[in-house]
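Reviewing the structure listed below.
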Amino acid sequence: MNVLRVAFTGLALAGIYGSHALADTAEKPITVIELFTSQSCYSCPPAEAYLGELSEEKDIVALEYHVDYWNRINYGRHGRWVDEFSTPEMTQRQRSYNVAIRDTGSVYTPQMVIDGREETVGSRRREVQNLVRKVRKDNQARVSVDVSETIGGGINIALPDMHKDGADIWLVTFIREVTTEVVRGENHGKTLTSHNIVRKVRHVGEWNGTTASFEVSKDELALEDGQGCAILVQDERPGPVLGAAYCPDNVGVSS
């Protein structure tokens, strides 16, 4: 049986190598790191642990997407393990990134995509850190995304006048933390903890590059206890991320 434990607070992993390698006192732009993974992938747990550390960084939006192509693999006498968080939509998002970045429809796990511009193996910490620095250096004109809670418990998304081409606004809903006991497949016998598992990516609207605001009601957010959300400013290919921000803590969740 797949046993889940949803935690309502993040797990701080300070002290582990690399956990704060990207943070310092200087103000940095928000960088989006998306991990494509599967509970059935033997080499994925280290990347998931690293994403958990990155999710604690104030200048990073860390998101975890569970792909579905591992669900079909039979691992000998240990059989198959179907990752209940996996969906075809997450796999398609990964394929779209690989077409745009690597010019191929082939995919692999664990893969981290940084700001929709660069990619690497998700467990290669130093390489991930180098790519984060690279995209921050190359992409100086970031879109500032301000997400605030409305009186009704929804969110308001405010974007500045950037005098540039616009993009799409996306609402990403995720579960903050889940622990799963895996009893079959490559990771049989392991207890895996995942962070910011994406459950839905929904289009909010189109930004034309000038000052604008978008509102999402509490009912539209439809968040449950243990869930959060983030806003991405990005065209629908998907392409490079122009700006991003987490929603305020506990927004849209009934008390």
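Coordinate-derived values only; no laboratory data. These numbers were taken from a predicted model, which means no experiment stands behind them. Note that we place each Cβ from the backbone using ideal geometry, even for glycine, and neighbour counts take in every protein chain shown.
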Cβ-Cβ FRET estimate between residue 100 and residue 190, R0 fixed at 45 Å, reported to 0.05: 0.85
Can you work out the PRE-style zone for residue 74? Point 7 Å along Cα to Cβ, and I want the residues of region 170-190 with backbone N under 15 Å. 185-186
What distance in nm separates the two pseudo spin-label positions at residue 158 and residue 107, each 7 Å out from Cα along the beta-carbon direction? 3.7 nm
Excluding residues on the same chain fewer than 8 positions from residue 137, give the lysines whose Cα lies under 27 Å from its Cα. 28, 58, 164
Matching label, Cα extents along the principal axes in Å computed from the structure shown, candidates (1) 61, 53, 34; (2) 64, 48, 30; (3) 58, 42, 36: (3)
